[in-house]
Ligand code: ASP
């Protein structure tokens, strides 16, 4: 239907007859039958010109064109002319030095008036999602889809070169304790029983290692029934990798190579050959986050030593209870508005603090500081702070006191807000890749009174801690787990796995899995580990998040062709939707959902 794409003609085609097909991006009617159309396809735009002296009927037809009509045009490529001594070249587009003078035109399909313009930003995201098939025509979206393809293609190339096999694992699988809530699928053939959609192919990929596959990968769809945020979707895609006979360094090296190639081949960006590493402990201590953005400082400083014998009970009490006191000096943020301090205080409270103490340094000396807490501090403590935090005129110092986890979390969030208020990242194009290693193996949930796996139940402790796990000493165990982070986003993570039945059994015991559940839920994997399972490990990268960062957007919905909105709804097909009761009956399922007076399903109470 065409000889070239709409981005495909250039000066070398001048004088040639070409045929293009595409969408009417815009029309400029100069009157008297002279009409300019910008014709667009996936690749780009060409200016096509209708002149009455060439064909009057064609010009009349062109007058009727509206945005997004599909037309096919044939004509001669010409150089864009000079008008009144001025060049009419358009340097913004690749075909900007030429135009197509139309001799034949065919209307292929007409378009109704559009629900929103395709060539301007549209703030109403729900509207874009309802008409996603139009939204995808926008050049920015077309670019995102092309980059996403480049990422998966490069992934396949790199892993194939390294001997990895791409293997699909079941979508109809079994409910497993991966951490989130499962999506369930009722089984018609086994009434009352359910499949679960995989949260990740974790067990299958380990079973593939038991099956001697040695090197596996999959561009795997994963499903988690969670409350949604900007970078979460109920279904998302992972680059899932597992290999046998490997160490943590092998998986780290492979991932560095993979991400390096992905960034190079998609946007030409250079990633370092190997990424910096930081332990979980240091990441939390210094940045208050297990996925720190290391493009700026604003470090958390421990100031406990200044307050060991303080009269200020909030500080000394935190230390006596075994906690810590930390502070951030946000240089130059002394002028933070009341609104900004309120917002940070709110964020601190949400993260578990009772409030947010601060000092606004209106001058270099403590006498010049404005603060709700300095009146409780001794001269010596104030001088101690000044020295340790290098407090100068113009600074804003923010404090956290309490248990270590909460203090780190609180100041970690406040740190990001300070960076935002200080515009520290404006114009920054750095790619700060980082490994976070030595995660804790287990986390004690005080409310539930039990231990949870920080990564997942198949993660291996460091060799020094194996005996402790078997002996039931669970506090402080470290895992052979690692996360890869880019500019404050977790791109993915993985671990070296347990491959022995007895160690896996001990792990399940730590997690409170009963003997009965070990058999019913995990019998297959314990079995597999008892027939010579190879040592193995792996990782999964969040493809959507990688694509988001490659494309330079701030929402994964921009890089997913048909995403759900933040209520988990596909607005285009209006899904989820009610189904006929007969369908439910066939599945032996009955709905207990209540309807409101208007017949609408009642929403669940918001999570507290
Ligand atoms: N299955 C894990 C996850 O989805 C990744 C891994 O351990 O390979 O987070």
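A few remarks follow.
- Residue list for region 223-242, restricted to those being within 11 Å of the ligand (Cβ to nearest atom) and either buried (at least 23 other Cβ atoms within 10 Å of the Cβ) or modelled with pLDDT of 95 or more (or both): 236, 238, 239, 240, 241, 242
- Top-ranked residue of region 25-53 - restricted to ones that are without any contact (Cβ under 8 Å) to a residue 40 or more places away in the chain and in contact with a helix residue (DSSP H, G or I) (Cβ under 6 Å, 6 or more places away or on another chain), ranked as nearest to residue 142 (Cα to Cα): 35
- In summary, residue 426 fulfils each of the numbered conditions (1) away from the ligand (no atom under 16 Å from the Cβ); (2) part of a helix (DSSP H, G or I) with the single exception of condition (2).
- Test: residue in region 528-537 that is under 30 Å from the mean Cα position of the chain (by Cα) and closer than 27 Å to residue 223 by Cβ: yes
- Conditions (1) assigned to a loop (DSSP other than H, G, I, E, B); (2) under 19 Å from residue 425 (Cβ atoms); (3) touching a residue at least 60 places away in the same chain (Cβ under 8 Å): number failed by residue 347: (1)
- If you check 156, 128, 143 for being buried (at least 18 other Cβ atoms within 10 Å of the Cβ) and within 25 Å of the chain's Cα centre (by Cα), only one passes: 128.
- Among the strands (runs of 3 or more DSSP E) confined to region 29-114, the ones with at least 3 residues that are over 42 Å from the mean Cα position of the chain (by Cα) are located at 70-79, 98-109.
- When the helices (runs of 4 or more DSSP H) confined to region 454-552 are screened for residues that are within 15 Å of the ligand (Cβ to nearest atom), those reaching at least 2 such residues are found at 501-510, 543-551.
- Taking residues in region 189-200 that are on the phi > 0 side of the Ramachandran plot and modelled with pLDDT under 95, and partners anywhere that are in a loop (DSSP other than H, G, I, E, B) and more than 16 Å from the ligand (Cβ to nearest atom), the pairs with Cβ atoms closer than 9 Å and at least 6 places apart or on different chains are 192/588.
- Scanning region 440-453 for residues that are away from the ligand (no atom under 16 Å from the Cβ) and not in a strand (DSSP E or B), we see that the one that is surrounded by the fewest Cβ atoms within 10 Å (Cβ to Cβ) is 447.
The values are calculated or read from the model by the stated rules, or taken from the named source; none is laboratory data. If you're wondering where the values come from, they're calculated on a predicted model, not measured in any experiment. Reconstructed Cβ throughout: ideal geometry from the backbone, glycine too, with neighbour counts over all protein chains shown.
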